[in-house]
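Worksheet: the structure to be examined is printed underneath.
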Amino acid sequence: MNPQDLIESVTSRFPDAVSSSHVFRADATVVVTPEGLLAVARFLKEDPELALNFLMDLSAVDYSAFGQGHARGLFASSGVAVAPSFLIPDLDPWPGPPGERFAVVYHFFSGTQRHRLRLVVPVPETRAAVESLTPLWPAANWLEREVWDMFGIRFEGHPDLKRILMYDGFEGHPLRKDYPVAKRQPLIGPQN
Amino acid sequence: MEEHAPLQEATPEKVGTHTSSAQLEMRDMLLNIGPAHPAMHGIVRIVAQLDGEQIEKAEVEIGYLHRGFEKMSEQVDYNGVMPYTDRLNYVSPLINNMGYCMSVEKLIGISVPVRCHYVRVILSEISRITDHLTCVGATAMELGAFTVFLYMIKAREYLWELVEKVTGARLTVSFCRVGGVKADLPEGFAGLCKEAFAETRKVLVESDGLLTRNRIFVDRMNGTGVISAADAIGYGITGPFLRGSGEAYDVRKDCPYAVYDRIDFDVPVGTRGDNMDRYLVRMEEMEQSMRIVEIALADMPPGALQLDPDTGREIPAAEMVDLAKVGDIGAISGGCAVAGPTLEGSGRAQRPSIAADEKRVFLPPKEDVYGNIEGLMSQFKLVMHGHGVRPPAGEVYFPVEGANGELGFYVVSDGTGNPYRVRCRPPCFAIMSALHELLQGESMADMTPTFGSVNMIGGELDR
């Protein structure tokens, strides 16, 4: 199925849950509300035409510093955001970040149809939680733990939501844009 | 000599008197394996609940090699991420380089020349062989076949010499650039490849003879670590691990990228999904990778090396730099110096053949940087903070076939010089998340071949 048809089949089935959609560089993307996520995901997996049986990737993006340059970066010298200087023909412009501070991003793939679909779920900072997909894909278990660890987004219904890459007792969520890159949290001894 | 009295044998009655009086306490044992354990390639911890020798429950704990790849990628420019990608799967770094570069190129909307695609394909297939050699060799060693390990590491050495000839480094190669590669293949590479492959094939035949019909090896691999194709898909497992279960998904075949659609190769598939099938799949994939390299070398369009030799004499770039340093620019002020496009010349004078024809993306050749003002400016703009490669705002996901399965990069750009977000989908993360299920119900000794066939690479697992 081509990207447009993929989007069409999801939006026609869930007109309320899908808030927007776009195709950028031939990647089909559907933006779904947190409430509609579980129903849409189940449909993607079980619909025989979509047959998106792989949950290839699950991650998140913190859009709070989008377009603000990298003033907080380790090697930032100016901190001034510079507009792109060159214009490569932009046939399918990207509509921009989905609006809320966080976006949980799902990449699905169909092993039989060989097509891919990206699901973006905007998550507000005040209520950083989405439904867990662990009942549908066991792959979501560790991936959701990683998103919790790195971004502090909760997954409701997850069997064992705990840190995975960082240690217990680590404070904060390192991939949030307001976590300073040079911050140290020594685990053993002050000189660590 | 006096006669020894026969040793007293414990009769059932005697044993009975000892045990029947006291009730033996039965309980499970909790065994902690790792994080630093010889069989835990890298560092990972498995807590196993044992009933006798049987694993009743296992819990896998990762994160010991977390170095913040994704956070660090946000701090540097697009080309600056390259050295970090080397350190993901450090046994096949060229595949990571290629995957990251192709995702950024997709984001920008450029495509590299066909010759560059061929160079990338050749090197990533060589990397795939080194990865599989390491995996099979280490597994065999842990099952007692130390000879095979030594043979396979020897073969890996020949291949790493090839990699070194092209990139100048063995492991941390940083060879690709957004929009191209650092250097063309050196002269006589096809011949070197032929020699290295002859040695590798010899090793594969020897190893095959030592393992495939070896009673000890077969008994421990057959029927252990079984996973069905449906379960594997549920866990997002890809690569040789999934193919061992009978699902023929290979990114190179099913979502072809670079020039894989022009190359004829087979995807080996297992039937039982056990350790033996995964071993056989990996052995066959090495042969197929060599086949791909051979086809690619033959099909490669002529590039820099075959161009007209009359355009100028070839001088090593290092020599030219030194001249300029001492103020003797007479040798290079007369025009654009022509150096070989290979690593040795580092010249890339015939750039269009291996790099995208897009000045605002690809770093200029060193001859231009030191030889004329346009080159110097171009280099300066690209390297200076905030002026480098600046893709338009957007997000892309691009998968390549890594040695362990689908290696995907999800890159988000906000239009500035640094990537806004770089997410790496590490293929062995999915396999490790299913490991507790593979181990459950098996005996303790089966853990070694099962964990070996996962081919866990700490660098890409923990990032």
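Specify the residue that is nearest to residue B:166 (Cα to Cα); the eligible residues are those in region B:75-119 that are of a type in the set (D, E, K, R), away from chain A (no Cβ under 14 Å) and open to solvent by 10 Å² or more (accessible area, probe 1.4 Å). The extreme case among them is B:115. Can residue A:69 be described as at pLDDT below 85, within 7 Å of chain B (Cβ to nearest Cβ) and either outside any loop (DSSP other than H, G, I, E, B) or on the phi > 0 side of the Ramachandran plot (or both)? In short, yes.
Among residues of region B:452-463 that are more than 13 Å from chain A (Cβ to nearest Cβ), those with a beta-carbon under 7 Å from a residue that is in a loop (DSSP other than H, G, I, E, B) and at pLDDT below 85 at least six positions away or on a different chain give the pairs B:456/B:41; B:456/B:42; B:457/B:42. Filtering region B:436-444 for residues that are open to solvent by 10 Å² or more (accessible area, probe 1.4 Å) and in contact with a Gly (Cβ under 8 Å, 6 or more places away or on another chain) leaves a non-empty set. Which numbered condition in (1) more than 14 Å from chain B (Cβ to nearest Cβ); (2) assigned to a strand (DSSP E or B); (3) of a type in the set (Asp, Glu) is the only one that residue A:57 fails? Evaluating residue A:57 over (1) more than 14 Å from chain B (Cβ to nearest Cβ); (2) assigned to a strand (DSSP E or B); (3) of a type in the set (Asp, Glu) leaves (1) as the failure. Within region B:432-448, can one find any residue that is at the interface with chain A (Cβ under 8 Å from one of its Cβ atoms) and assigned to a loop (DSSP other than H, G, I, E, B)? Yes, because at least one residue in region B:432-448 is at the interface with chain A (Cβ under 8 Å from one of its Cβ atoms) and assigned to a loop (DSSP other than H, G, I, E, B).
Going by what's in this entry, would residue B:233 be described as assigned to a helix (DSSP H, G or I), touching a Gly at 6+ places or on another chain (Cβ under 8 Å) and modelled with pLDDT under 90? Even if it seems obvious, please write down each step before you answer.
Working: assigned to a helix (DSSP H, G or I): yes; touching a Gly at 6+ places or on another chain (Cβ under 8 Å): yes; modelled with pLDDT under 90: no.
No; evaluated as a whole, the condition is false for this residue.
When the test is whether a residue is aliphatic (A, V, I, L, M), at the interface with chain B (Cβ under 10 Å from one of its Cβ atoms), without any contact (Cβ under 8 Å) to a residue 60 or more places away in the chain and in a loop (DSSP other than H, G, I, E, B), residue A:175 does not pass it. When residue B:347 is tested against the conditions (1) part of a loop (DSSP other than H, G, I, E, B); (2) modelled with pLDDT of 75 or more; (3) away from every other protein chain (no Cβ under 12 Å); (4) open to solvent by less than 10 Å² (accessible area, probe 1.4 Å), the lone failure is (2).
Name the residues in region A:142-166 that are open to solvent by less than 50 Å² (accessible area, probe 1.4 Å), more than 17 Å from residue B:61 (Cα to Cα) and in contact with a strand residue (DSSP E or B) (Cβ under 7 Å, 6 or more places away or on another chain), would you?
Going through region A:142-166, the residues open to solvent by less than 50 Å² (accessible area, probe 1.4 Å) turn out to be A:142-153, A:155, A:158, A:161, A:163-166.
With more than 17 Å from residue B:61 (Cα to Cα) added as a condition, the list becomes A:151-153, A:155, A:158.
The answer is A:151, A:153, A:155.
Only one entry of A:114, A:127 meets the criterion of being within 24 Å of residue B:234 (Cβ to Cβ), part of a loop (DSSP other than H, G, I, E, B) and open to solvent by 40 Å² or more (accessible area, probe 1.4 Å), and that entry is A:114.
The set of residues in region A:114-128 that are within 10 Å of chain B (Cβ to nearest Cβ) and either farther than 12 Å from residue A:61 by Cα or more than 14 Å from the chain's Cα centre (by Cα) (or both) comprises A:114, A:115, A:116, A:118.
Per-residue answers, yes or no, for (1) under 22 Å from residue B:121 (Cα atoms); (2) within 14 Å of another protein chain (Cβ to nearest Cβ); (3) assigned to a helix (DSSP H, G or I):
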position: B:240; (1), (2), (3): yes, no, yes
position: B:246; (1), (2), (3): no, yes, no
position: B:257; (1), (2), (3): yes, yes, no
position: B:268; (1), (2), (3): yes, no, no
position: B:271; (1), (2), (3): no, no, no
position: B:277; (1), (2), (3): no, no, yes
position: B:288; (1), (2), (3): yes, no, yes
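Residues that are in a loop (DSSP other than H, G, I, E, B), at the interface with another protein chain (Cβ under 10 Å from one of its Cβ atoms) and in contact with a His (Cβ under 9 Å, 6 or more places away or on another chain) within region B:373-419 comprise B:385, B:386, B:416, B:417, B:418, listed in sequence order. In the set B:155, B:145, B:58, only one residue is closer than 25 Å to residue B:430 by Cα, of a type outside the set (D, E, K, R), in contact with a Leu (Cβ under 7 Å, 6 or more places away or on another chain) and touching a residue at least 12 places away in the same chain (Cβ under 8 Å); that residue is B:58. Checked against (1) more than 14 Å from every other protein chain (Cβ to nearest Cβ); (2) without any contact (Cβ under 8 Å) to a residue 12 or more places away in the chain, residue B:71 meets all criteria but (1).
The values are calculated or read from the model by the stated rules, or taken from the named source; none is laboratory data. Predicted, not measured: the structure shown is a model, and the values here were computed from it. Cβ sites come from the backbone with ideal geometry, for glycine too, and all protein chains shown count toward neighbours. Please note that ligands, DNA and RNA were not included when accessible areas were found on the heavy atoms of the full protein model with its side chains. Shrake-Rupley method; radii C 1.70, N 1.55, O 1.52, S 1.80 Å.
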